[in-house]
1. State the extension gain, in nm to one decimal, for the chain segment bounded by residue 169 and residue 125, taking 0.36 nm per residue of separation less the distance between their alpha-carbons.
2. Would you list 137, 229, 393 from fewest to most Cβ contacts within 10 Å?
3. Would you calculate a helix-derived [θ] at 222 nm for the chain, using -39,500 (n - 2.57) for each DSSP H run of n ≥ 4 and dividing by the full residue count, to the nearest 500?
4. If you take the square roots of the eigenvalues of the alpha-carbon gyration tensor of the chain and sort them as a ≥ b ≥ c, do you get rounded (a/c under 1.5), prolate (a/b over b/c) or oblate?
5. Students often check this: by mean Cβ neighbours within 10 Å, which of 382-390, 120-128 ranks highest, and how do the rest follow?
6. Please work out whether segment 122-164 counts as rounded, prolate or oblate from its C-alpha gyration tensor, where a ≥ b ≥ c are the square roots of the eigenvalues and a/c under 1.5 means rounded, while otherwise a/b larger than b/c means prolate and anything else oblate?
7. Given the chain, what count of lysine pairs have C-alpha atoms under 27 Å apart, with each pair 8 or more places apart or on different chains?
8. Treat segment 6-150 as a sphere of radius equal to its Kirkwood radius over Cα pairs and apply Stokes-Einstein at 4 °C in a medium of 1.567 mPa s; give the translational diffusion coefficient in µm²/s, rounded to a whole number.
Amino acid sequence: MDAGFDQEMRRRLEALRAQGLGRELRRVDSPQGPRIEIGGRPLLNFSSNDYLGLADDPALKEAAFRAIERYGGGAGASRLICGSLAIHHELEEQLAAYKATEAALSFSSGYATALGAIGALADKDAVVIVDKLAHACIVDAARLSGATLRVFAHNDLDDLERILRWAGEKRAAGSAHGAPSALIVTESVFSMDGDQAPLRELVALKERYGAWLMVDEAHATGLYGNHGCGFVQAQGVGGRVEVQMGTLGKAIGAAGGFIAGSRALIDYLVNRARTFIFSTAPAPAAVGAALAGLRLAASPEGDSRRERLWERARQLTHGNSPSAATPAAIVPIVIGDETRTVETAAALRERGFFIPAIRYPTVARGRARLRITLTASHTADQVAELREALGACGLPIP
Ligand SMILES: *Cc1c(COP(=O)(O)O)cnc(C)c1O
């Protein structure tokens with residue numbers, strides 16, 4: 001090993017820490033839930049994306065056991081070699097039914113889904129336009145595809161139109177037949193702010209300019225629309241969005257990611273999505289849990305969990321959320337300074353609350369925040385305690 005290697009690593013870490021950007025793992029000794037145990041200490045957990053409280057649900061655990069019994073611990077190979085197990089096909093049939101699309105394709109994670117799908121749809125001649133606040137996996141995917149990457153101001157339709165106009169002129173100058181003017185990628189519900197994209201207006205705009213639209217529903221799947229099938233459906237634009245993406249690791253309570261869309265899109269991704277082709281198929285346990293999570297999310301039990309979640313959200317914000325018409329499970333308290341945010345999170349931990357300090361590069365520099373997330377498993381008393389603790393730490397109650 002190079003003699004200076006570790007020294008260089010330590011130097012880089014020090015530089016991060018000096019900016020309040022150091023990160024470390026906290027070992028959790030319990031399953032996910034409203035109470036987690038860290039370092040032998042129980043904490044009230046307001047940090048997970050397990051919005052429906054399914055990650056530790058007996059139905060998901062039971063389904064994972066059954067999948068292991070039937071298909072084993074591992075899938076053995078990529079789907080295109082010999083790993084395309086019946087349970088993967090079942091999951092995709094269920095996903096397509098839930099999303100009301102012709103077909104669906106599952107991946108090992110949401111991150112791998114974005115990388116695979118965007119990489120397959122865009123090449124170096126393409127233009128990919130992403131919302132300023134889009135998730136890292138979307139930005140990484142666009143960069144990796146080699147396409148020209150353009151960023152539009154968050155939810156700003158005028159800025160997007162300006163870029164679409166430019167992309168249209170660029171295409172007119174070239175000769176790509178059948179190619180769109182651009183691929184627009186955005187989230188339906190934004191991961192760090194909990195606000196929503198103006199999907200109906202986005203769809204109208206992309207149609208006007210001959211562009212394609214991909215919507216990442218990571219924080220909307222299981223929560224919005226009919227039985228939680230997504231914000232795209234809730235906005236009535238299901239048939240007009242080319243590519244719908246989601247993850248199975250958040251509200252669905254398991255692990256994995258997916259694309260839902262036309263049969264032609266899915267068949268094409270099987271041929272061209274590199275994170276699908278060159279990666280071992282998801283383990284049966286994860287697929288079994290995802291199937292059970294989807295079944296629960298789509299059931300009347302899912303409806304009552306969503307009701308409970310929105311009740312807690314209203315309780316936390318006292319109906320003052322900026323988008324009160326559409327409730328949000330993600331409630332950010334933007335503090336700004338990185339070091340102060342870390343100190344505030346530590347003070348809350350002292351009081352028994354686990355709420356992460358979200359900093360650059362997850363959000364912009366100087367936009368550090370506490371990101372509170374609510375789940376259907378939180379009780380009204382726990383939310384009341386949280387409000388009290390926020391007040392005691394001098395924080396504005398959202
Ligand atoms: C979490 C997240 C992903 C990645 O999904 P994983 O299944 O966790 O890999 C993608 N997009 C957004 C917006 C996310 O928040």
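1. Between residue 169 and residue 125, full extension yields an extra 14.5 nm.
2. Values: 137 21, 229 27, 393 17.
Ascending number of Cβ neighbours within 10 Å: 393, 137, 229.
3. -13000 deg cm²/dmol
4. Rounded shape, in that the Cα axes give a/c under 1.5.
5. On the way: 382-390: 17.8, 120-128: 20.0.
So the order, starting with the most tightly packed, is 120-128, 382-390.
6. It is oblate, given that a/c is not under 1.5 and a/b is not larger than b/c.
7. The result is 12.
8. Details: Rh = 19.6 Å.
For these conditions, the coefficient is 66 µm²/s.
A short reminder: the numbers here are calculations on the coordinates, not readings from a lab. Remember, predicted model here, so these are calculated numbers, not experimental data. All Cβ positions, even for glycine, are placed from backbone atoms using ideal geometry, and neighbour counts span all protein chains on display.
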